[in-house]
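Read the structure below first, then the notes.
Computed from the coordinates by the stated procedures, all read-outs in this text should not be read as laboratory data. Remember, it's a predicted structure, so these values are computed and weren't measured experimentally. Ideal geometry is used to build each Cβ from the backbone, glycine not excepted, and the neighbour counts take in all protein chains shown.
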Amino acid sequence: MFSGSIPALVTPFRDGAFDEQAFRRLVDWQIESGSSALVPCGTTGESSTLSNAEHHRVIEVCIEQAAGRVPVIAGCGSNDTMNAVLHMTFSKKCGAAAALVVAPYYNKPSQEGLLAHFSYLAEAVDLPLILYNVPGRTVSDLKPETVCELARRFPDKILAIKDASGDLSRVTDHRMGISKQFTQLCGDDELALPFNAAGGVGCISVTANVAPALCAQFQAACAANDLEEARRLNDLLYPLHYAMFEDSSPGPCKYALSKVFEGIQNELRLPLVPCNQTARDAVDKALVHAGLL
C-alpha cells in the first residue's frame with residue numbers, strides 16, 4: 001500500500017505559531033520532488049509540543065494541500081489511548097489514507113499492554129494503521145512477536161510498520177512471521193539500503209525533508225534492484241543522514257531546511273532549541289557533499 005520515500009514532515013513555526021503558508025509550500029515541494037506519501041505530525045513534526053487543535057490543523061492542511069496527489073499518513077500517536085482514538089477519528093474524517101501510531105511513550109507498557117493498545121485502536125476507528133516502533137524515544141519496544149500477533153489479529157487494518165529499532169534482523173522476523181503481505185518501512189535513513197535488501201519497501205524519512213528528490217531517486221533505485229545506483233545515491237546522502245541527528249531532532253533538519261528551502265524558519269518549540277554549532281557545521285558539510293549547497 002505504501003512504499004518509496006515518505007518524508008516525516010517538519011512543522012514550520014513562525015513567532016511561536018504554526019506557519020501554515022510555509023507548510024503548504026513544503027508539501028508542494030515534497031510532492032513535486034517525487035515523495036510517494038507524506039507524514040504530518042510524526043516525531044519530526046514535533047507532535048509532542050502541539051495542542052490537539054494544532055495537531056489536527058497540521059493534518060488538515062497537509063491533506064488539503066496534497067489534494068489527492070499522494071496519500072497522507074497522519075501521525076496519530078499518543079501515550080493516551082483515547083487521545084490516539086481522537087487523532088485517528090479526526091484524520092479519518094479529513095481523508096487521511098492511514099494513521100501512523102507510535103508505541104505509547106513514557107508509560108512504558110508491557111507487550112500485553114501494547115497488544116491491548118493497538119488492538120483497541122484497530123477496533124475503534126475504521127482507518128488503516130501503521131505501527132511505529134522507536135524504542136530510543138518511547139522506551140517501549142514493540143517486539144517482533146507482538147507485531148506479528150497484531151498483524152494476524154487485524155490483517156485488514158494493521159498493514160505496515162515503521163521500524164526505527166535499528167535491529168535489521170527484525171525485517172526478516174516480521175517477513176517470516178506474518179503470512180500475508182505486510183509492508184515494512186525503515187525508520188532510520190542510514191539503514192534504508194540494508195533494510196530494503198532484507199525485505200523493506202521504503203523509508204519514512206527525516207532526510208527527505210531536506211533532500212526529497214535524492215531520497216526519492218534512491219528508493220526508486222532500490223525498487224528497481226539497481227544496486228549500483230542505490231549505493232551511489234546512498235553515498236551522497238549518508239553524511240546528511242547522520243547530520244540530521246548530530247543534535248536533538250528535528251533541530252538539524254530545520255536548520256538544513258532554512259538553508260535549502262526559502263521560507264522555513266530555524267525555529268523549534270521548547271524544550272527543543274536550535275541545534276548547536278557542531279551540528280550546523282556537520283549539516284553544512286553534508287549539504288555540500290550531497291550537492292545541495
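Restricting the stretch 104-127 to residues that are closer than 15 Å to Cys148 by Cβ and aliphatic (A, V, I, L, M), the residue that is surrounded by the most Cβ atoms within 10 Å (Cβ to Cβ) is Leu114. Identification of helices (runs of 4 or more DSSP H) wholly contained in the stretch 1-102 with 1 or more residues that are buried (at least 23 other Cβ atoms within 10 Å of the Cβ) and touching a residue at least 60 places away in the same chain (Cβ under 8 Å) yields 20-32. Cβ-Cβ distances below 9 Å connect the following pairs, each with a first residue in the stretch 161-175 that is among the β-branched types (Val, Ile, Thr), a second residue that is assigned to a loop (DSSP other than H, G, I, E, B), and a separation of six or more residues or different chains: Ile161/Leu142; Ile161/Phe182; Ile161/Gly187; Val171/Gly199; Val171/Gly200; Thr172/Gly199.
Quick one: in the stretch 242-259, which of the residues that are in a helix (DSSP H, G or I) and hydrophobic (A, V, I, L, M, F, W, C) is nearest to Arg25 (Cα to Cα)? Per the criteria, the residue is Leu257. The residue that is surrounded by the fewest Cβ atoms within 10 Å (Cβ to Cβ), counting only those in the stretch 165-224 that are among the β-branched types (Val, Ile, Thr) and in a helix (DSSP H, G or I), is Thr172.
If you go through the stretch 103-128 and pick out every residue that is aliphatic (A, V, I, L, M) and either in contact with a Phe, Trp or Tyr (Cβ under 7 Å, 6 or more places away or on another chain) or part of a loop (DSSP other than H, G, I, E, B) (or both), you end up with 4. Taking the conditions exactly as written (more than 18 Å from Ile130 (Cβ to Cβ), in contact with a Gly (Cβ under 9 Å, 6 or more places away or on another chain) and β-branched (Val, Ile, Thr)), does Thr11 satisfy them or not? For Thr11, the condition - more than 18 Å from Ile130 (Cβ to Cβ), in contact with a Gly (Cβ under 9 Å, 6 or more places away or on another chain) and β-branched (Val, Ile, Thr) - is met.
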